[in-house]
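Asks: Quick one: the structure is below, questions incoming.
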Amino acid sequence: SRCSSETFHGHPRLLSSDVYSQYESIRQGKQEIPKYFNFASDVLDKWSEIEKAGKRPSNPAFWWINGKGEEVKWSFEELGFLSRKVANVLTKECGLKKGDRLILILPRIPEWWLVKVACMRAGIVIIPGTSQLSAKDILYRLQASKATCIITTDKLAPAVDSVVSQCQFLKTKLMVSKGSREGWLNFTELHGDKADLFPDHSCIKTRIQDPMIIFFTSGTTGSPKMTQHSQGSLGFRPLLSERYWLDLTPSGMIWNTADTGWILTSIASFFDPWVFGSCIFIHNLPQTDSAVILNTLCRFPVDALVGAPTLFRMLVQNDLSKYKFMNLKCCMSGGEPLNPEVMEKWKSQTGLDIHEVYGQTEVGIICSVFKGMKIKPGSMGKAAPLYDVQIIDKNANILPPGQQGEIAVRSKPIRPLGFFSEYLDNPKKTAESERGDFYVTGDKATMDEEGYFQFIGRDDDIIISSGYRIGPFEVESALIEHPAVVETAVVSSPDPLRGEVVKAFVVLSPTFLSTDPTSLIRDLQDHVKKTTAPYKYPRKVEFVKELPKTVTGKIKRNELRDKEWGRL
Ligand code: ATP
Ligand code: MG
């Protein structure tokens, strides 16, 4: 299988990729990192040439379906000319120039990919946002970023219009829609059939350090922060990594179900597959419906699936023996810790492992269980190539294996490629993220003798009860093993005696809804006492219909905690 170690160390697959191999001497340190780099001309257009020369398998570059019979398939060449058309729309019709900022809020539709490539061709800085944003969220993003252009759908256009009077920088509004709306340019018409057939657009030259994309963080712990990445940090970094989280090839096909607003989609559904000439597969998934996802895996030759743990938690609720996946070989989960129980359930029913990826908007993938690597349940793998990841203490001392501390990535003397340039307009936050020679993640973990990291929790999520330090994730993972528990979040709750105690919010499986709550609570508590150290058991348990989550699907423990402590 592709996940086995057979080709892992030698990497014949990776090295066979033409675009990748031209950077070999830089990887070996024989040549410096180039001064100029543009993902569109240096990667995508190269694949287009390779394809034309008949040297790439007949695999689309992009394959999109919507479940209603519509389908879009592009080769690299088609992606090239369509995105040049869009680049012309942006520079001519919209008057955008290199360095201008554009907010892109689209669901998983092909236009999202076209606009992104077009922005790279024109040097426009992209700010992706999820379609779940409210008018207030959009206002915050427009004001904070000073974007001059927004591209969205007719669904969100009214929300934009409701706040537009407060956004003095916004000049151009573009709508992807069949209809029209006053004050909005129609994207679909501008780049559609009526536009020039073979548009002429020469890709702009960008320095590798020029800004390319600004992400707002998930906002799990406060206001989302503007995280700026350069042309090279997401586009060039994968070209330097001989050992990589997805062992992709030009015949591979990857499907990532994350929302377009999230960095994971930019990494797993844009840069990384295209560096290796793989096909990006997308189902537009208006709702995340497990049957749709499972059936799609049976009907399309997807070989790698990437999603947040919620995806896998949802999928394992199904009888998976009914489904026969066409080509699936590798599954990756990231964004939140994945419960070992979910991993086991998935493995026992599908035969497939779930590989964990741990990362942040700020620095991308920090560690991962790379293909072919031994899997240790509960561990999120080893440091990503090019990053020196350590566990450090308050004074930036590196801690020995087994000791709890903060996950940190060495950032000095040379800031590694892959790092955000800064939190825009927030030098204070940028400075707070530095400690000694390191960038600190704000996450607690341990590292073992073999260099595997075990996630404990976000700094603020750690519960201190009667002097014990308890990471919520371990308690959650114990709870989720119980058949009654679908999802759970564990936070601290005030207690007159102990200061704070462990409290679990639990979403029950439908079959347990009628069980007597008092005995069920006792049952759950006993279960945790048996599976982890007894002091970690939740003294308080509350059953809820759902858990509060960020738009990227992460559990907002801080919201539950604030409620417990009467801080809301
Ligand atoms: P904000 O910084 O605005 O509060 P956020 O930190 O949730 O939001 P992201 O950059 O999207 O924004 O998320 C990164 C964080 O997600 C990490 O710092 C970590 O806490 C968590 N995370 C990501 N992947 C994993 C994983 N595999 N296991 C455990 N935690 C993870
Ligand atoms: Mg964060």
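Asks: Inspect segment 200-219 for any residue being touching a Phe, Trp or Tyr at 6+ places or on another chain (Cβ under 7 Å), of a type in the set (Gly, Ala, Ser), in contact (Cβ under 8 Å) with a residue 24 or more places away in the chain and not in a helix (DSSP H, G or I) and give the result as yes or no. Full working, then the answer.
Replies: Going residue by residue through segment 200-219, those that are touching a Phe, Trp or Tyr at 6+ places or on another chain (Cβ under 7 Å) are 205-208.
Filter again for of a type in the set (Gly, Ala, Ser), leaving none.
Within segment 200-219 (the criterion being touching a Phe, Trp or Tyr at 6+ places or on another chain (Cβ under 7 Å), of a type in the set (Gly, Ala, Ser), in contact (Cβ under 8 Å) with a residue 24 or more places away in the chain and not in a helix (DSSP H, G or I)), the answer is no, since none of the residues qualifies.
Asks: A follow-up question, please. Taking the condition touching a residue at least 40 places away in the same chain (Cβ under 8 Å), away from ligand 2 (no atom under 16 Å from the Cβ) and part of a helix (DSSP H, G or I), does Leu311 pass? Step through it out loud before you land on a result.
Replies: Values: touching a residue at least 40 places away in the same chain (Cβ under 8 Å): yes; away from ligand 2 (no atom under 16 Å from the Cβ): yes; part of a helix (DSSP H, G or I): yes.
So Leu311 passes the test.
Asks: Let me ask you something else. So, of the residues in segment 410-444 that are within 14 Å of ligand 2 (Cβ to nearest atom) and free of Cβ contacts under 8 Å to residues at least 12 places away in the same chain, which turns out to be nearest to Ile398 (Cα to Cα)?
Replies: So the residue we want is Glu432.
Asks: If you don't mind, there's one more thing I want to ask. If I ask for residues that are in contact (Cβ under 8 Å) with a residue 12 or more places away in the chain and of a type in the set (D, E, K, R), which ones from segment 287-305 would you list? Break it down into steps so the answer makes sense when it comes.
Replies: Our first condition is that a residue be in contact (Cβ under 8 Å) with a residue 12 or more places away in the chain; within segment 287-305, this holds for 288, 290-305.
Residues satisfying the conditions are Arg299, Asp303.
Asks: Now for a different question. Gly457 passes all but one of (1) on the phi > 0 side of the Ramachandran plot; (2) modelled with pLDDT under 95; (3) surrounded by 13 or more Cβ atoms within 10 Å (Cβ to Cβ); (4) more than 16 Å from ligand 2 (Cβ to nearest atom); which number fails?
Replies: Status for Gly457: all satisfied but (4).
Asks: Restricting attention to segment 262-294, report how many residues are among the aromatic types (Phe, Trp, Tyr) and assigned to a helix (DSSP H, G or I). Full working, then the answer.
Replies: At the first step, the residues of segment 262-294 found to be among the aromatic types (Phe, Trp, Tyr) are 262, 270-271, 274, 276, 281.
With assigned to a helix (DSSP H, G or I) added as a condition, the list becomes 270-271, 274.
Qualifying residue count, segment 262-294: 3.
Asks: Checking the conditions here, which among Tyr439, Tyr452 is at pLDDT 95 or above, out of contact with any Gly (no Cβ under 9 Å at 6 or more places or on another chain), within 16 Å of ligand 1 (Cβ to nearest atom) and of a type outside the set (Val, Ile, Thr)? Please lay out each step first, then the result.
Replies: Values: Tyr452 fails: out of contact with any Gly (no Cβ under 9 Å at 6 or more places or on another chain).
Result: Tyr439 is the single residue among Tyr439, Tyr452 that is at pLDDT 95 or above, out of contact with any Gly (no Cβ under 9 Å at 6 or more places or on another chain), within 16 Å of ligand 1 (Cβ to nearest atom) and of a type outside the set (Val, Ile, Thr).
Asks: Select, from Lys98, Lys146, Lys136, Lys171, the only residue that is among the basic types (Lys, Arg) and under 27 Å from Leu79 (Cβ atoms). Write out each step before concluding.
Replies: Values: Lys146 fails: under 27 Å from Leu79 (Cβ atoms); Lys136 fails: under 27 Å from Leu79 (Cβ atoms); Lys171 fails: under 27 Å from Leu79 (Cβ atoms).
Just a single option satisfies the conditions, and that option is Lys98.
Asks: Of everything in segment 295-308, what is among the hydrophobic types (A, V, I, L, M, F, W, C) and assigned to a loop (DSSP other than H, G, I, E, B)? Give them in sequence order.
Replies: Applying the first criterion (among the hydrophobic types (A, V, I, L, M, F, W, C)) to segment 295-308 yields 297-298, 300, 302, 304-306, 308.
Selection gives Phe300, Val302, Ala308.
Asks: Out of the residues in segment 460-478 that are within 14 Å of ligand 1 (Cβ to nearest atom) and more than 23 Å from Phe370 (Cβ to Cβ), which is modelled with the lowest pLDDT? Let's see the steps before the verdict.
Replies: Of segment 460-478, the ones within 14 Å of ligand 1 (Cβ to nearest atom) are 460-462, 471-474, 476-477.
From the residues that got through so far, the ones that are more than 23 Å from Phe370 (Cβ to Cβ) too are 460-462, 471-472, 474, 476.
On the way: Asp460: 85, Asp461: 90, Ile462: 88, Gly471: 88, Pro472: 91, Glu474: 88, Glu476: 93.
Checked segment 460-478; the qualifying residue modelled with the lowest pLDDT is Asp460.
Asks: May I ask you to list the residues in segment 525-545 that are in contact with a strand residue (DSSP E or B) (Cβ under 6 Å, 6 or more places away or on another chain) and modelled with pLDDT of 95 or more?
Replies: Of the residues in segment 525-545, the ones in contact with a strand residue (DSSP E or B) (Cβ under 6 Å, 6 or more places away or on another chain) are 535-536, 538-544.
Hits for segment 525-545 are Pro538, Arg539, Lys540, Val541, Glu542, Phe543, Val544.
Asks: Does segment 214-230 hold any residues that are farther than 25 Å from Gly381 by Cβ and either in contact with a His (Cβ under 7 Å, 6 or more places away or on another chain) or within 16 Å of ligand 2 (Cβ to nearest atom) (or both), and which are they?
Replies: Going residue by residue through segment 214-230, those that are farther than 25 Å from Gly381 by Cβ are 214, 216, 219, 222-226, 228, 230.
Listed by number, the residues that qualify are Ile214, Phe216, Gly219, Gly222, Ser223, Pro224, Lys225, Met226, Gln228.
Asks: Next question, about the same structure. Could you check segment 178-229 and list, in sequence order, the residues that are within 16 Å of ligand 1 (Cβ to nearest atom) and either among the small types (Gly, Ala, Ser) or at pLDDT below 80 (or both)? Break it down stepwise before answering.
Replies: Taking segment 178-229 as the starting set, the residues that turn out to be within 16 Å of ligand 1 (Cβ to nearest atom) are 213-229.
Once the filter is applied, which keeps residues that are within 16 Å of ligand 1 (Cβ to nearest atom) and either among the small types (Gly, Ala, Ser) or at pLDDT below 80 (or both), segment 178-229 yields Ser218, Gly219, Thr220, Thr221, Gly222, Ser223.
Asks: Out of segment 235-246, which residues are surrounded by 24 or more Cβ atoms within 10 Å (Cβ to Cβ) and not in a loop (DSSP other than H, G, I, E, B)?
Replies: If the condition is that a residue be surrounded by 24 or more Cβ atoms within 10 Å (Cβ to Cβ) and not in a loop (DSSP other than H, G, I, E, B), then Gly235, Arg237, Pro238, Leu239 are the ones that fit.
Asks: Applying the selection to segment 133-161, what residues are closer than 14 Å to Phe216 by Cα and assigned to a loop (DSSP other than H, G, I, E, B)? Reasoning before the result, please.
Replies: Here is the first cut: in segment 133-161, the ones closer than 14 Å to Phe216 by Cα are 133, 137-147.
Matches in segment 133-161: Leu133, Lys146, Ala147.
Asks: Check whether at least one residue in segment 264-278 is more than 20 Å from Lys46 (Cβ to Cβ), away from ligand 1 (no atom under 16 Å from the Cβ) and in contact (Cβ under 8 Å) with a residue 12 or more places away in the chain, and report yes or no.
Replies: no
Asks: Ok, one more. Quick check: anything in segment 231-245 of a type in the set (D, E, K, R), modelled with pLDDT of 90 or more and more than 16 Å from ligand 2 (Cβ to nearest atom)?
Replies: In the first step, residues of segment 231-245 are kept if they are of a type in the set (D, E, K, R); the result is 237, 242-243.
Cutting the leftovers down to modelled with pLDDT of 90 or more gives us 237.
Pick out the ones that are also more than 16 Å from ligand 2 (Cβ to nearest atom) and you get 237.
Yes, there is a match, as at least one residue in segment 231-245 is of a type in the set (D, E, K, R), modelled with pLDDT of 90 or more and more than 16 Å from ligand 2 (Cβ to nearest atom).
Asks: So Glu336 fits all but one of (1) modelled with pLDDT under 95; (2) away from ligand 2 (no atom under 16 Å from the Cβ); what number is the exception?
Replies: So the condition that Glu336 fails would be (2).
Listed here are the residues, each with its yes/no results for (1) at negative phi; (2) surrounded by fewer than 22 Cβ atoms within 10 Å (Cβ to Cβ); (3) more than 12 Å from ligand 1 (Cβ to nearest atom).
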| position | (1), (2), (3) |
| --- | --- |
| Asn318 | yes, yes, yes |
| Met326 | yes, yes, yes |
| Gly334 | yes, no, no |
| Gly351 | no, yes, yes |
| Val357 | yes, no, no |
| Gly364 | no, no, no |
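Asks: Sticking with this structure for a sec: Exactly one condition in (1) touching a Leu at 6+ places or on another chain (Cβ under 8 Å); (2) surrounded by fewer than 21 Cβ atoms within 10 Å (Cβ to Cβ); (3) at pLDDT 95 or above; (4) not hydrophobic (A, V, I, L, M, F, W, C) is false for Lys116; which is it?
Replies: (2)
Asks: Which one is farthest from the chain's Cα centre (by Cα), of the residues in segment 366-391 that are among the β-branched types (Val, Ile, Thr) and crowded, with 20+ Cβ neighbours inside 10 Å? Before you say what the answer is, go through the steps one by one.
Replies: From segment 366-391, those among the β-branched types (Val, Ile, Thr) are 366, 369, 375, 389, 391; that's our starting set.
Next, only the ones that are crowded, with 20+ Cβ neighbours inside 10 Å stay: 366, 369, 389, 391.
Values: Ile366: 12, Val369: 16, Val389: 19, Ile391: 23 Å.
Top of the filtered list is Ile391.
The values are calculated or read from the model by the stated rules, or taken from the named source; none is laboratory data. All values reported here derive from a predicted model rather than from experimental measurement. Note that we place each Cβ from the backbone using ideal geometry, even for glycine, and neighbour counts take in every protein chain shown.
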